[in-house]
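Enquirer: What follows is a single structure, and I will ask about it in a moment.
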Number of protein chains: 2
Amino acid sequence: MTGNAEEDTMAPGAAEGLTARGGVMTRNAEGGTMAIRILLAEDQTMFRGAMAALLSLEPGFEVVGDVARGDQVVGACEALRPDVALLDIEMPGIDGLEAARRLRTAVPETKVVIVTTFGRPGYLHAALAAGARGFLIKDTPIEQLSAAIRKVADGGQAIDPALAVAALSEGASPLTPREKDVLAAARGHGTIADIARGLHLSSGTVRNHLSAAIQKLGARTRAEAVETAEGKGWL
Amino acid sequence: MTGNAEEDTMAPGAAEGLTARGGVMTRNAEGGTMAIRILLAEDQTMFRGAMAALLSLEPGFEVVGDVARGDQVVGACEALRPDVALLDIEMPGIDGLEAARRLRTAVPETKVVIVTTFGRPGYLHAALAAGARGFLIKDTPIEQLSAAIRKVADGGQAIDPALAVAALSEGASPLTPREKDVLAAARGHGTIADIARGLHLSSGTVRNHLSAAIQKLGARTRAEAVETAEGKGWL
DNA sequence: GACGACCCGTGACGACCGTCATGGGTGAAG
DNA sequence: CTTCACCCATGACGGTCGTCACGGGTCGTC
């Protein structure tokens, strides 16, 4: 628990898990340029804290808030109206991609930059489809993150170039929607009967979908198919 | 034991991937207390950079170097002789636990603090057995990390309390060494015949070991057994 | 309306998986 | 020396899995 419960005049009930930050550089026109207002969404407390502290030191940046869950992103952005939202993908609640989708209609002024651990081509596709303007993996230097934030705040784009070519060479998912569902349900559960029960399907149908998915992915086992599908971001 | 036939080809080139850092506060006796010299081992570049920058700002800390791979830890510590080594567990090369084991004999002055993403009880056991003096998960505030570093540098210990009780309640792994091997080999590979081939065993023996492991872990499938064993850090 | 893509289902077949019983071999503990 | 735990192996059994062939259903497109 972050426990920084200092939501004094935080407007509505909107943002519960939000940690508002008194910016070093407030929104006065200081020399003509205003600081880029940033919201941070990241579940690992340590990483979130480190990034917030570091970005706040960067001249021209102001971290106006940070949240730990995907379902707190929209509320926080509605309250704070940041210029840029830095979203992790793997988060409790809803993931960063879904948060980006909702943010586009709820707070369209806020530009989204996705920062994720896994450089899966499918993630890039989904992020761009969700309206993200930037996409970086966490295995890149912070200087490039700063540069990406500035570019996006200026109205530009910032896509990891190595991932872009990978995403293009991969192409889209060959799985039909239902095959994707069945394969996704096959991650945690054990037997086929369990999956069938969870999806209200016949166990024979589940086997057929799984068989099709296995062949399309070039796998030999259901587990292998799940693994390769996850690796490419088709889930 | 799974053929941990890691060749000991560590020493010669010593520290290739090492980024040495000119410390803000050098090792002069300033007022009587010397800065705590820290080495950082973490594969995610962004996280590593952020932590290095942030810890350098903390008064009394000096980040003297950082590496991205586990097999660079010993070489870097031999060259830099830090007071504290902050080790991630999940790293390419060798993992942080193995690095801690080797560090204890190679550079015993350096105290080890494990900082990991996953709060698996088995990890804590292994870390303490490897001689680590501190154990934190990345989902804790940075202030606690600073406190832990100071405590460990002073000769004390810093163990995440929530994990300590979990580790005690869990107990040690019920799996025999061979069962662990077979289960570990069952992660990536597909069929039982593949596992048997990889371990030079009869396929019937593999099935027996797997069956025993499945029952000991209360699972119903090999995949379930792998999952729960991984979750507890028995691998 | 014909066509194709996708969905759901059935039935059957061979291969694989998980369980059990059984046995021999080793090495440490009593 | 006996006992016990672990290792490896074999064979047999029932259940599950992956594949195939097949049929019926919906929906959008040409």
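Enquirer: Counting pairs of alpha carbon atoms under 8 Å apart in space and at least six apart in sequence, what relative contact order in percent does segment B:30-168 give?
Expert: It comes to 20 percent, rounded to a whole number.
Enquirer: From the helices alone, meaning DSSP H stretches of at least four residues, give me the mean residue ellipticity at 222 nm for chain B, per-run term -39500 (n - 2.57), in deg cm²/dmol to the nearest 500.
Expert: -13500 deg cm²/dmol
Enquirer: Then there is this: Size of the dipole of segment B:177-232 about the Cα centre, Lys and Arg at +1 and Asp and Glu at -1 on the beta carbon, nothing else charged, in debye to 20?
Expert: On the way: 9 positive and 6 negative charges, 22 e Å.
The dipole of segment B:177-232 has a size of about 100 debye.
Enquirer: Nearest 5 percent is fine: what portion of the DSSP beta bridges confined to segment A:19-169 is antiparallel?
Expert: Here the antiparallel bridges make up roughly 15 percent for segment A:19-169.
Enquirer: OK, next. Using Cα atoms only, what is the angle between the long axis of helix A:45-57 and the major principal axis of chain A, expressed in degrees (0 to 90) to the nearest 10?
Expert: 40 degrees
Enquirer: Residue by residue, what Karplus-based ³J(HN,Hα) values in Hz, rounded to whole numbers, does segment B:185-195 have, using 6.51, -1.76 and 1.60 with θ = phi - 60° and x for Gly and Pro?
Expert: So the Karplus estimates, Gly and Pro as x, are 5, 7, 5, x, 4, x, 7, 5, 4, 4, 4 Hz.
Enquirer: What gaps in nm, shortest first, separate A:G190 from its twins in the other copies when you place the label 7 Å past Cα toward the beta carbon?
Expert: 2.4
Enquirer: Restricting to lysine pairs 8 or more places apart or on different chains, what number in chain A have Cα atoms under 21 Å apart?
Expert: Close lysine pairs found across chain A: 7.
Enquirer: What are the radius of gyration and Dmax of segment B:30-168, computed over its Cα atoms and given in Å?
Expert: Just the Cα atoms of segment B:30-168 yield Rg and Dmax of 13.7, 43 Å.
Enquirer: Moving on. Points 7 angstrom from Cα along the Cβ direction at B:A172 and B:E78: gap in nanometres?
Expert: Modelled inter-label distance: 3.2 nm.
Enquirer: Accessible area per residue of chain A at 1.4 Å probe, in Å²?
Expert: On the way: 10970 Å² over 235 residues.
Using a 1.4 Å probe on heavy atoms only, each residue of chain A averages 47 Å².
Enquirer: Of B:A148, B:I89, B:V226, whose Cα points farthest to the positive end of the dipole of the protein assembly as shown (charges on the beta-carbon: +1 Lys, Arg; -1 Asp, Glu; origin at the Cα centre)?
Expert: B:V226
Enquirer: Please get the size of the charge dipole for the protein assembly as shown, origin at its Cα centre, with Cβ charges of +1 on Lys and Arg and -1 on Asp and Glu, quoted in debye to the nearest 20.
Expert: Taking the Cα centre of the protein assembly as shown as origin, the dipole is about 1240 debye.
Enquirer: In addition: Label segment B:177-232 by shape, choosing from rounded, prolate and oblate, from the square roots a ≥ b ≥ c of the eigenvalues of the Cα gyration tensor; if a/c is under 1.5 it is rounded, and otherwise prolate applies when a/b is larger than b/c, oblate when it is not.
Expert: Prolate, because a/c is 1.5 or more and a/b exceeds b/c.
Enquirer: With θ taken as phi - 60° and the coefficients 6.51, -1.76 and 1.60, list the Karplus ³J(HN,Hα) couplings across segment B:125-136 in order, rounded to whole Hz; mark glycine and proline as x.
Expert: Those phi angles translate into 3, 5, 5, 5, 4, 7, x, 5, 9, x, 8, 9 Hz.
Enquirer: How many nm is it between the label spots at A:D154 and B:A129, if each spot is 7 Å from the Cα in line with the beta carbon?
Expert: Placing both labels 7 Å beyond Cα along the Cβ direction yields 5.4 nm.
Enquirer: May I pose another question? Where nothing but the Cβ of Lys and Arg (+1) and of Asp and Glu (-1) is charged, how large is the charge dipole of segment A:91-235 around its Cα centre, in debye to the nearest 20?
Expert: The calculated dipole for segment A:91-235 is roughly 300 debye.
Enquirer: Further question on the same structure: Under the rule of at least 5 residues apart or a separate chain, name every residue whose amide H is placed under 5 Å from the amide H of B:K138.
Expert: Amide H to amide H, under 5 Å and 5 or more residues apart or across chains, B:K138 pairs with B:T116, B:T117.
Enquirer: How large is ³J(HN,Hα), in whole Hz, for each residue of segment A:68-85 in order, when computed from phi with the Karplus curve 6.51 cos²θ - 1.76 cosθ + 1.60 and θ = phi - 60°, using x for Gly and Pro?
Expert: Karplus values, whole Hz, x for Gly and Pro: 10, 10, x, 7, 9, 5, 4, x, 5, 5, 5, 7, 9, 6, x, 6, 9, 10.
Enquirer: If you bin the C-alpha pair distances of the protein assembly as shown every 10 Å from 0, what whole percents do you get?
Expert: Here the calculated profile for the protein assembly as shown is 4, 17, 25, 27, 19, 7, 1, 0.
Enquirer: Chain pair B, A: how much accessible area is buried, both chains summed, with a 1.4 Å probe, in Å² to 100?
Expert: In total, this chain pair buries about 2100 Å².
Enquirer: Within the accessible area of segment B:177-232, what % is carbon and sulfur when the probe is 1.4 Å and the other protein chains stay in place?
Expert: Ligands and nucleic acids excluded, carbon and sulfur give 51 percent.
Enquirer: Which residues of segment B:38-54 bury at least 30 Å² of accessible area once all protein chains are present, versus their chain alone (1.4 Å probe)?
Expert: B:Q44, B:T45, B:M46, B:F47, B:A50, B:L54
Enquirer: Taking each label point as 7 Å beyond Cα in the direction of the beta carbon, state the distances from A:N208 to the same residue in the other copies, shortest first, in nm.
Expert: 4.2
Enquirer: Using Cα-only point scatterers and the Debye equation, what is log10 of I(q)/I(0) for chain B at each q in 0.09, 0.16 Å⁻¹, rounded to two decimals?
Expert: Here log10 of I(q) over I(0) equals -0.43, -1.10.
The values are calculated or read from the model by the stated rules, or taken from the named source; none is laboratory data. In this text the structure is predicted, and so the values were computed from the model without any measurement. A quick note on method: Cβ atoms are made from the backbone with ideal geometry, for glycine too, and the neighbour counts reach across all protein chains shown. Heads up: the accessible areas ignore ligands, DNA and RNA and are worked out on the full protein's heavy atoms, side chains in. Shrake-Rupley method; radii C 1.70, N 1.55, O 1.52, S 1.80 Å.
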